[in-house]
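Please read the structure below before turning to the comments.
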Number of protein chains: 2
Amino acid sequence: MNETRGSDPAVSCPTIDRARRVDLLRSQLQESEDGAWLFTDLVDIRWLTGFGGSNGWVVLRGDELVIGTDGRYGERARTESVGSGATVFAEQLRSRLHERLLEALRGASSVALDPAMTSHSEWSALAKELDLLPLASPVKKARRIKDAAELSRIEAAAGAADAALLEVEPMLLGAGDAPITEADVRNELEYRMRMHGADDRSYETIVATGPEHAARPHHEVSRRTIVDGDTVIVDVGALVDGYHSDMTRSYVIGEPTEQQREIYALVEVSHRAGIDALRAGSTAKEIDSACREVFDDAGYGDWFLHGTGHGVGLDIHEPPFHSQASDDLIEVGNVVTIEPGLYRGNFGGFRIEDLLVVTEQGSRVLTHTPQRPFPGHSQTTAPSDHPN
Amino acid sequence: MNETRGSDPAVSCPTIDRARRVDLLRSQLQESEDGAWLFTDLVDIRWLTGFGGSNGWVVLRGDELVIGTDGRYGERARTESVGSGATVFAEQLRSRLHERLLEALRGASSVALDPAMTSHSEWSALAKELDLLPLASPVKKARRIKDAAELSRIEAAAGAADAALLEVEPMLLGAGDAPITEADVRNELEYRMRMHGADDRSYETIVATGPEHAARPHHEVSRRTIVDGDTVIVDVGALVDGYHSDMTRSYVIGEPTEQQREIYALVEVSHRAGIDALRAGSTAKEIDSACREVFDDAGYGDWFLHGTGHGVGLDIHEPPFHSQASDDLIEVGNVVTIEPGLYRGNFGGFRIEDLLVVTEQGSRVLTHTPQRPFPGHSQTTAPSDHPN
């Protein structure tokens with residue numbers, strides 16, 4: 001097999017210890033011995049059992065762990081969940097699968113279920129047959145702290161994105177000479193991340209270029225040809241064994257104007273301030289403030305159109321969320337982005353985003369692509385460890 | 001620009017008439033003049049307004065159409081929704097966006113909301129401030145009937161998948177000579193669909209090979225090397241301007257065994273029976289029965305692990321659903337799959353899936369990839385129109 005086609009980085013990552021997770025969750029079950037948890041969120045289900053299909057539920061009780069899914073996924077659920085000790089029921093008929101759920105919950109004094117993860121109609125139907133307890137999923141909370149096995153997957157994903165961007169950057173920066181579109185850049189990045197071992201992209205790659213598209217933080221890639229003078233935002237991540245990465249680099253095509261240099265430098269300072277503020281015990285709001293104050297002080301506060309970052313794991317966006325409305329606390333083991341940006345119609349925009357893990361000592365940057373926004377830019381080199 | 005990089009097929013498709021959709025929905029509003037609809041499903045929002053971002057709500061009343069979204073999407077929402085006449089509010093703070101929602105709903109006697117599309121916690125929070133009416137989304141229903149503009153996008157998507165598979169099939173069938181993995185086949189298909197004008201894949205491409213993987217209808221692609229004697233299932237679709245396509249072709253690598261020939265022929269007959277049963281006025285359950293009876297009669301009923309098909313549009317899986325549990329009716333303008341399959345551990349599996357539109361006269365096949373499961377297979381050619 002051709003090596004450039006990409007070997008599987010997950011193979012060399014430590015095995016994820018599902019049994020430990022199941023034990024952890026069990027220890028948090030209701031004190032009464034006959035309480036049960038019903039999990040319906042697919043990402044929670046994957047974290048707990050390993051099963052990654054698109055339909056299913058999981059029941060956790062003191063003495064059992066049951067996965068219910070439809071006929072398409074029986075084999076897959078059995079294989080993927082083997083480390084968790086789960087029993088799998090696969091039923092083609094929805095009515096039969098529902099009976100299996102009631103069987104798995106028989107005798108439970110109450111059934112805890114996350115109301116944010118369950119539709120109102122599903123909740124109402126279940127509430128007719130079960131004594132439902134509306135509780136926030138303990139899996140969601142546990143997922144915030146990444147263990148070494150998870151971290152190795154996130155790092156492999158970040159590495160695949162770094163490697164792909166390294167190859168595609170020259171194409172992008174040569175856009176003045178050989179015509180290339182936003183879609184071309186995206187297509188090459190997504191194809192090459194897989195060549196570098198990614199299972200997939202982490203999310204739809206953003207390539208936002210020029211005075212209008214780059215002014216939109218979440219622009220949808222178009223077939224616009226990139227031209228001299230454009231600002232360019234490339235927001236790209238990879239997926240390895242279900243774990244995401246996330247980074248953004250920004251560029252100017254050709255010689256930057258004074259305004260472009262000035263705005264880019266401001267985003268760089270803000271980004272640096274966010275990284276400096278990231279430490280266990282700080283709040284996600286403080287991190288957002290650190291980035292935001294740089295822009296406010298320079299009079300560019302209204303060019304900043306989003307929060308400063310978010311957690312990354314089995315979901316590309318998960319707590320903690322760095323925003324002014326956030327109550328989230330930063331803990332050791334969190335993997336988060338720091339991603340300030342400035343955007344304006346008729347100008348375009350810049351965003352700089354790194355992925356970091358919060359450590360006992362401070363934080364460690366998982367994104368290794370240098371900032372090369374334009375020729376001659378002297379990077380304020382980000383060291384890979386940030387003692388705080 | 002290099003033509004092989006793919007021009008945008010949506011450009012040559014008729015414009016989607018959003019104003020007509022808004023009028024249609026308005027005419028279905030509560031008879032009382034001060035009723036309101038709140039839409040929270042992102043696909044419903046895209047169908048109605050054109051806005052395709054990942055966060056937002058829409059309020060529809062007799063005299064207003066309002067989109068609320070966060071700061072990342074303001075510009076994009078305004079551009080994309082221009083044909084719908086919507087007013088857009090973009091707010092960075094969730095609390096401020098919520099105030100905007102209450103403003104947009106001020107004075108409404110009741111607010112209709114789909115309980116299947118809203119989380120229980122969201123519903124409970126809104127119910128404290130508003131008089132909520134639990135009603136199935138009328139957009140979901142309207143979406144079942146595709147107009148000419150939608151059909152042209154779905155056909156362009158199906159065409160991109162056809163063109164990619166045509167290029168990749170020789171690589172796959174030569175797997176005995178030049179080693180190739182499931183992931184390689186997937187990577188090439190997804191890359192090439194874009195070269196043929198797709199914005200993206202429609203869903204994660206399935207390439208399931210050999211006695212175990214092909215025995216799983218929804219196998220997750222691995223790095224398994226494809227070898228002589230394998231059965232192979234390739235389930236691939238493209239995305240054009242938000243619209244999906246869906247098809248499956250199956251193969252044997254090298255010379256097929258008698259059992260492989262027999263099972264493949266059975267799937268072919270079942271697939272043909274499903275197409276023959278598809279007509280306006282039939283039920284989705286009847287279509288499922290037509291396919292299922294072929295397998296049951298041959299003694300292979302328990303090798304068939306899923307329903308026979310589903311609607312396709314802005315969602316890859318949407319009503320009508322062809323299954324024994326379905327109450328759905330088939331109508332002119334439905335775009336649906338017919339996709340029977342047989343699966344067994346130690347054997348592998350086959351599935352054949354076409355995408356069809358239901359017409360006044362019967363149905364029309366939108367999938368144009370011939371069935372070439374192995375050399376010498378004589379296709380029971382599917383004509384492109386099916387008068388029933």
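The values are calculated or read from the model by the stated rules, or taken from the named source; none is laboratory data. This is a predicted model, so every value here is computed, not measured. With ideal geometry, Cβ positions are generated from the backbone for all residues, glycine too; neighbour counts draw on all protein chains shown. These accessible areas exclude ligands, DNA and RNA; they are computed on the full protein's heavy atoms, side chains included. Shrake-Rupley method; radii C 1.70, N 1.55, O 1.52, S 1.80 Å.
Using every pair of distinct Cα positions in the stretch B:17-142, the Kirkwood expression returns a hydrodynamic radius of 14.4 angstrom.
Distance between the modelled labels on B:Gln28 and B:Ala298, one decimal in nanometres: 4.0 nm (7 Å Cα→Cβ projection). Stretching the chain fully between A:Ala19 and A:Asp228 yields a gain of 69.7 nm (0.36 nm per residue, less the alpha carbon separation). In the calculated pair-distance distribution of the stretch B:162-258, the portion above 17 angstrom amounts to 46 percent of the Cα-Cα pairs. Kirkwood Rh and Cα-based Rg: tell me the resulting Rg over Rh for the stretch B:96-215, rounded to two decimals. Rg/Rh for the stretch B:96-215 comes to 1.23.
By the equivalent-ellipsoid construction on the alpha carbon gyration tensor, the stretch B:35-98 comes out with semi-axes of 16, 14, 11 Å, ordered largest to smallest. Remark: spin-label model distance A:Arg78-A:Thr283 equals 5.1 nm, labels positioned 7 Å along the Cα→Cβ axis. For the residue pairs B:Lys141/B:Lys285; A:Lys140/B:Lys140; A:Lys141/A:Lys285; B:Lys146/B:Lys285, the C-alpha atoms sit more than 26 angstrom apart in A:Lys140/B:Lys140.
Mean per-residue shielding of peptide B:124-131 is 1, counting Cβ atoms of other chains within 10 Å of each Cβ. With the helix formula -39500 (n - 2.57) applied to DSSP H stretches of n ≥ 4, the protein assembly as shown reaches a computed 222 nm mean residue ellipticity of -10000 deg cm²/dmol. For chain B, modelled as a GNM whose springs connect Cα atoms under 10 angstrom apart, the maximal fluctuation among B:Ser27, B:Ser121, B:Ser378 occurs at B:Ser121.
Relative protection proxy for A:231-241, A:144-154, from highest mean packing down: A:231-241, A:144-154 (other beta-carbon atoms within 10 angstrom). When the accessible area of the stretch B:17-142 is split by element with a 1.4 Å probe, what percent falls to carbon and sulfur? Summing carbon and sulfur atoms, their accessible area is 49 percent of the total for the stretch B:17-142.
How much of the DSSP bridge set in chain A is antiparallel, in percent, rounded to the nearest 5? Don't skip to the answer; put the middle values down first.
Numbers: 42 of 52 bridges.
In chain A, DSSP labels about 80 percent of beta bridges as antiparallel.
When both the stretch B:86-141 and the stretch B:228-289 are represented by their alpha-carbon centers, they are found 41 Å apart. Per-residue shielding of B:69-76, expressed as the average number of other chain Cβ atoms within 10 Å of the residue Cβ, stands at 6. If I take R0 = 51 Å and measure r between the Cβ atoms of A:Arg106 and A:Val11 in this structure, what FRET efficiency does the formula 1/(1 + (r/R0)^6) give, to the nearest 0.05? In this case the efficiency is close to 0.80.
Average partner chain C-beta neighbours within 10 Å, per residue of A:112-119?
4
A simple spin-label model places the labels of A:Leu135 and B:Glu255 6.3 nm from each other, with each point 7 Å out along Cα-to-Cβ. Expressed as a fraction of 2.2 N^0.38 Å, the C-alpha radius of gyration for the protein assembly as shown is 0.95.
Relative to the longest principal axis of the Cα atoms of chain B, the long axis of helix B:18-27 makes an angle of roughly 70 degrees. The magnitude of the dipole of chain B, with charges of +1 and -1 set on the Cβ of Lys/Arg and Asp/Glu and taken from the Cα centre, is near 680 debye.
Normalised by residue number, the volume inside the convex hull of the Cα atoms of the stretch A:284-347 is 86 Å³ per residue.
The residue among A:Gly348, A:His306, A:Val252 whose Cα reaches farthest toward the positive pole of the charge dipole of the protein assembly as shown, with charges on the beta-carbon of Lys, Arg, Asp and Glu, is A:His306.
Going 7 Å from the Cα of A:Glu204 toward and past its Cβ, which residues in the stretch B:308-334 have a backbone nitrogen under 17 Å from where you end up? Flagged as within label range: B:313-317. To the nearest ten degrees, helix B:182-195 and the longest principal axis of the Cα atoms of chain B are 50 degrees apart. Relative contact order, whole percent, for chain B stands at 14, derived from Cα pairs under 8 Å and 6 or more residues apart. Rounded to the nearest 10 square angstrom, B:Tyr300 shows an accessible area of 40 square angstrom against a 1.4 Å probe. Which of rounded, prolate, oblate describes the stretch B:214-276, given a ≥ b ≥ c as roots of the alpha-carbon gyration tensor eigenvalues and a/c under 1.5 marking rounded, otherwise prolate only if a/b is larger than b/c? It is oblate, given that a/c is not under 1.5 and a/b is not larger than b/c. Placing a label point 7 Å from the Cα of A:Leu133 along the Cα-to-Cβ direction, the distances to the matching points in the other copies come to 3.8 nm, shortest first. Each copy carries a label point for B:Arg26 at 7 Å from Cα toward Cβ; from one copy, the others' points are 6.1 nm away, ordered from shortest. Between the helical axis of B:148-173 and the longest alpha-carbon principal axis of chain B there is an angle of about 30 degrees. Accessible surface buried by the B/A pair amounts to about 4500 Å², both sides summed, 1.4 Å probe. Over chain A, the hull volume per residue, using the convex hull of the C-alpha atoms, is 155 Å³.
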